[in-house]
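The block underneath contains the structure these notes are about, expressed in structure tokens.
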There are 2 protein chains.
Amino acid sequence: MTDQSPIRSGGRAARRAARAKPLADHLRPIRPGMEGGQYTPLTQAGMEAIHRAALTALEEIGLADAPASGVAYLTKAGAILGDDGRLRFPPALVEDALARANRSVTLCARDPAHDLELSGTRVHYGTAGAAVHLVDVEDNSYRECTLQDLHDAARITDTLDNIHFLQRPMVCRDITDNREMDLNTVYGCCSGTMKHVGTSFTDPAYIKDALEMLHIIAGGEDKWRERPFMSNSNCFVVPPMKFATESCLVMEEAIKGGMPVLLLSAGMAGATAPSTVAGAIVQAVAECLAGLVYVDAVQPGHPVIFGTWPFGLDLRSGAMTGGSGEQALLTSGCAQMHHFYGLPGGAAGGIADAKMPDMQAGWEQMCSNVMAGLSGCNMIYEAAGMHASLLGFCHESLILGDDLIGQAQRCVRGIEVNDETLALDQIREVCLGGPGHYLGTEQTLSRMETDHVYPSLANRSSPKEWDELGKPDLIRNATARKEEILSQRSRARFDPIIDKEIRARFNIHLPA
Amino acid sequence: MTDQSPIRSGGRAARRAARAKPLADHLRPIRPGMEGGQYTPLTQAGMEAIHRAALTALEEIGLADAPASGVAYLTKAGAILGDDGRLRFPPALVEDALARANRSVTLCARDPAHDLELSGTRVHYGTAGAAVHLVDVEDNSYRECTLQDLHDAARITDTLDNIHFLQRPMVCRDITDNREMDLNTVYGCCSGTMKHVGTSFTDPAYIKDALEMLHIIAGGEDKWRERPFMSNSNCFVVPPMKFATESCLVMEEAIKGGMPVLLLSAGMAGATAPSTVAGAIVQAVAECLAGLVYVDAVQPGHPVIFGTWPFGLDLRSGAMTGGSGEQALLTSGCAQMHHFYGLPGGAAGGIADAKMPDMQAGWEQMCSNVMAGLSGCNMIYEAAGMHASLLGFCHESLILGDDLIGQAQRCVRGIEVNDETLALDQIREVCLGGPGHYLGTEQTLSRMETDHVYPSLANRSSPKEWDELGKPDLIRNATARKEEILSQRSRARFDPIIDKEIRARFNIHLPA
């Protein structure tokens, strides 16, 4: 019927030529910070009900266990200390803090090209967590993870387009001293990636040490304060409704040191938070609002990320689960509450319960990652590499996560509707006396890079081609990619003079 | 701080006791036909623009290649036959057909418990396709698929809670005669499952034969017409904008025979449809509207499913791809257009490009399945088992798809917000003098089955438990489940007298 040759030769050659042209950055099909929000699991009435319940919880239940300094800050601001030791928050106090809070936060990166602008429904994906195991895909086993594993994760993250930041995803089990572990974590992350880094500290004294290292890396305290490229992931509450005394002191030090704070409330729905999705969100929102008031009392305007991170629980076993539909709803519902308040926020997505990067891991990671993105979550933490309900981290999975998140980001970008994309003229030309197909049209060619996200390791070949290619194995190819990345010199390595200065001051466990 | 014993012993025992009670059907956490629609990729203006463009395409471009009978039906209804042989549809003709169209369709099943009520944003998942290969997971290879493979897929589907219907997912490559293939497909599907069945026919004569078989199965033509348990998946168009002459004649026979029709437009974005998501939706909508007018002209009120099934294309190779974010957007955008028109509709989700049920397959299948569900697509076809961009079907993947779709359905169910789920009273009780955790609360226990979807084969154990369990392998366990299912006698097997009658009339290739 129609002349097939443009499909078979001319069209394909033209497509190849189109691909050869390098793509300007603004034409990339996906980018960090694209706007989500097309998915709204909560109604307006639902959000208001959650807000009212959170305000009531803060006013009537309040939070226990604030440190003395926190009690002083918060009672001075207007919180009421009860005979039961709980601080209660009048609604007006919360509302005032909300009114003053930042509507946007910039998370800087050592390379400014990787700065993250958190506002509205802009979406970013990255790592996070405190895994204690490294997943060995070749041996099908778990082992304790090390500083080197963490550093490798940072180096891999640095090369992946769709992993936008590195929050420490695992703890260095080979360093027994807490101070040395915290400081080597800072070193291991920052020397591996030019992207924004997040981490936590076990003791307020260690954050002072860390700031000293960060000042050296930045080239002085003024340079650090101008562009703080590390944030403090701070578990300031022990749900339900208790301040984490020590972490609050860490937070106060972070604020003093000019380090952005992720106010992280990590309740487990059914254990340390109500088992219902709505109830777990209420408690997480109440806790983070308390944290917001706290930060506002210490330093109004300090950059804060509203970190409602409720996790799911498998009630049959009482163990955490992060790969469920319930988890995806928890995260997406929280993101909507961030928008309700107009606050930059973050939550956990992408967690696999699967022990290995298998089909289960794929569906679990995609479910919460794509829903969190569509809900417009600013910071989607734990988005790649996390297995065994956060107990294990896997480098190969991190690399495959880049492909997975690329597709999720394409979904976040959404459907553009305009005269060109509606393509009525194109349909007319193709059908009425035209070739009867769209393969060679100017619009198809011109949009083939800007509209489509092509996977890196995921395989789209036909069974025949796949067979001819020797049946490429996803995991083995991810391992090969990992080895290739780690064989290169990292662009994030410190200048030798700076490195020497750091090593003179701190006991760095990574070889120079 | 708090007494841990309720978590460790009392709580767990109570949870175990709660689980032992059988769950009434209406209390199941997920069900066929739950309402989606929380995800809306298109704005109202976007939907209206797509609608206007589709009307213009029908009015100005029209469709070629209608059979003589179709030309007669349609010109009588008001369509205009041009000198170029294309039928053009004045907007008023389309709008009249839309006004008369069914707002709901019941797809019956041999077991009425599996009837599907298509309306609004009610969501159902099932199989579909025309795969030519069976995926052999043990041998890591593809082979031609057979009638027995199809029958086994039907039998497996019959046992899976979250696969709500069986549309023929693969063609019987071991039957060379088209008529025998079509009729054995009907036999192989219907004798394997009591759920609703869909299939296609290559020739209008074969559908007459099939109806004869269906009358025998139903116990008479009247019983069949009362509860037609099979629908005709009908590719009535060859995109772009041409009727599929032969399939239109099949459709006319289906209508006469009382068989619901899936009006299936399967363009490939970038080849047989515009490469843009919006443009591919415009063309699919225009084509299905033409089909709707056609059916309305033959038999007003005949049950029709609006089957906009645009597929993605990898423009680098020119080959189909169904595992992309673009595919998930195509499907979700179409679902929203179904709601725009208030028509029962369906589209394709869950397609993997991956050759095997690996991590890639997991993320690809979840991406479009969960987004299609959240967009409220009535019929999500190809939701399980499909690999290699529709070329391969995998029994193990079908079984794992049941778990995957279970989690997607949990997401569709969404977040309930009411006084009980907001849990303010529970938070109060737990925090103020209570146990400090929620594991043993009455609300946690009472909702542990009704709120949570527990996977069947997906593994949630800790690394330690996983190791102790001998590192269960997802695929091997799916194979074991498959063998267990197929070792059982199927409830869908025909009564011996009926079976004898069918075999006397038709050459059935399945052993009796």
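The values are calculated or read from the model by the stated rules, or taken from the named source; none is laboratory data. Note that this is a predicted model, so its numbers are computed, not measured. All Cβ positions, even for glycine, are placed from backbone atoms using ideal geometry, and neighbour counts span all protein chains on display. Please note that ligands, DNA and RNA were not included when accessible areas were found on the heavy atoms of the full protein model with its side chains. Shrake-Rupley method; radii C 1.70, N 1.55, O 1.52, S 1.80 Å.
Here are the numbers for this structure:
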| read-out | value |
| --- | --- |
| Interchain or long-range residues, amide H under 5 Å from A:Met34's placed H | A:Val123 |
| Distances in nm from A:Pro112 to the matching label points in the other copies, shortest first (labels 7 Å along Cα to Cβ) | 7.2 |
| Magnitude of the charge dipole, region B:103-209, Cβ model with Lys/Arg +1 and Asp/Glu -1, debye to 20 | 500 |
| On Cα atoms only, tilt of B:204-218 relative to the major axis of chain B in degrees | 40 |
| FRET efficiency for B:Ala92 and B:Glu117, using Cβ-Cβ distance with R0 set to 30 Å, rounded to 0.05 | 0.45 |
| Dipole axis of chain B (+1 Lys, Arg; -1 Asp, Glu on Cβ), positive-most option in B:Leu343, B:Ile216, B:Leu42 | B:Ile216 |
| Dipole magnitude (debye, nearest 20) for region B:256-414, charges at Cβ of Lys, Arg, Asp, Glu | 280 |
| Cα Rg, Dmax, chain A, angstrom units | 24.2, 87 |
| Percent of Cα pairs exceeding the 16 Å cut-off, where the set is region B:290-389 | 56 |
| A:Leu445 - accessible surface, heavy atoms, 1.4 Å probe, Å² rounded to 10 | 40 |
| Packing-based order for B:42-49, A:256-263, B:479-486, using average beta carbon neighbours within 10 Å, highest first | A:256-263, B:42-49, B:479-486 |
| Beta bridges by DSSP in region B:98-413, antiparallel share as percent, to the nearest 5 | 35 |
| Carbon plus sulfur fraction of accessible area for the protein assembly as shown, probe 1.4 Å, in percent | 50 |
| Selected from B:His51, B:Asn102, B:Pro455, residue furthest toward positive end of dipole (chain B; charges at beta carbon) | B:Pro455 |
| Out-of-range pairs (alpha-carbon distance over 21 Å; input B:Lys76/B:Lys242; A:Lys223/A:Lys256; A:Lys256/A:Lys500; B:Lys256/B:Lys500; A:Lys76/A:Lys256) | A:Lys256/A:Lys500; B:Lys256/B:Lys500 |
| At R0 = 35 Å, FRET efficiency that the Cβ-Cβ distance of A:Arg428 and B:Lys76 yields, to 0.05 | 0.85 |
| Folded to 0 to 90 degrees: helix B:245-256 orientation relative to chain B principal axis, Cα | 70 |
| Residue-averaged beta-carbon neighbours from other chains (10 angstrom radius) around A:263-276 | 6 |
| Crossing angle, helix B:325-341 versus chain B [Cα axis fit, 0-90 degrees, rounded to tens] | 70 |
| For chain B, accessible area per residue (1.4 Å probe, heavy atoms of protein chains only), Å² | 33 |
| Label point distance in nm, A:Glu212-B:Arg503, each placed 7 Å from Cα along Cα→Cβ | 8.8 |
| Over region B:374-503, relative contact order from alpha-carbon pairs under 8 Å, at least 6 apart, % | 25 |
| Estimated vicinal HN-Hα couplings, Hz - region A:76-91 in sequence order (Karplus 6.51, -1.76, 1.60; Gly, Pro = x) | 4, 6, x, 6, 10, 8, x, 5, 7, x, 8, 8, 10, 10, x, x |
| Exam field: B:Arg52 pseudo-label spacings to other copies (7 Å along Cα-Cβ), nanometres | 4.1 |
| Rg and Dmax [Cα atoms of the protein assembly as shown; Å; Rg one decimal, Dmax integer] | 29.2, 91 |
| Innermost chain A residue relative to the axis carrying A onto B, by Cβ distance in angstrom | A:Gly362, 1 |
| Nm distances between copies for A:Ser69, ranked from closest, using label points 7 Å along Cα→Cβ | 8.4 |
| Residue-count net charge about B:Ile61 - beta-carbon cut-off 15 Å; Lys, Arg +1, Asp, Glu -1 | -3 |
| Residues A:Glu416 and B:Arg225, FRET efficiency given R0 of 51 Å [Cβ-Cβ distance, rounded to 0.05] | 0.65 |
| Karplus (6.51, -1.76, 1.60) ³J(HN,Hα), θ = phi - 60°, over region B:35-47, in Hz, Gly and Pro reported as x | 8, x, x, 6, 10, 10, x, 9, 7, 4, 4, x, 5 |
| Protein accessible surface hidden between B and A, which excludes ligands and nucleic acids, total in Å², probe 1.4 Å | 9500 |
| Within chain B, helix-based [θ] at 222 nm, where runs of 4 or more DSSP H residues each add -39,500 (n - 2.57), nearest 500 | -13500 deg cm²/dmol |
| Most to least accessible of A:Val137, B:Val135 (protein chains only, probe 1.4 Å) | A:Val137, B:Val135 |
| Cβ-placed point charges (K, R +1; D, E -1), dipole of the protein assembly as shown about Cα centre in debye, nearest 20 | 20 |
| Spin-label pair A:Arg491/B:Asp136, simplified geometry with 7 Å Cα→Cβ offset, distance in nm | 4.7 |
| Positive-end residue of A:Ser141, A:Ala153, A:Tyr206, charge dipole of region A:98-413 with Cβ unit charges | A:Tyr206 |
| With all protein chains modelled, accessible area of B:Tyr454 [1.4 Å, Å²] | 40 |
| For chain A: relative contact order, % (alpha-carbon pairs under 8 angstrom, 6 or more apart) | 20 |
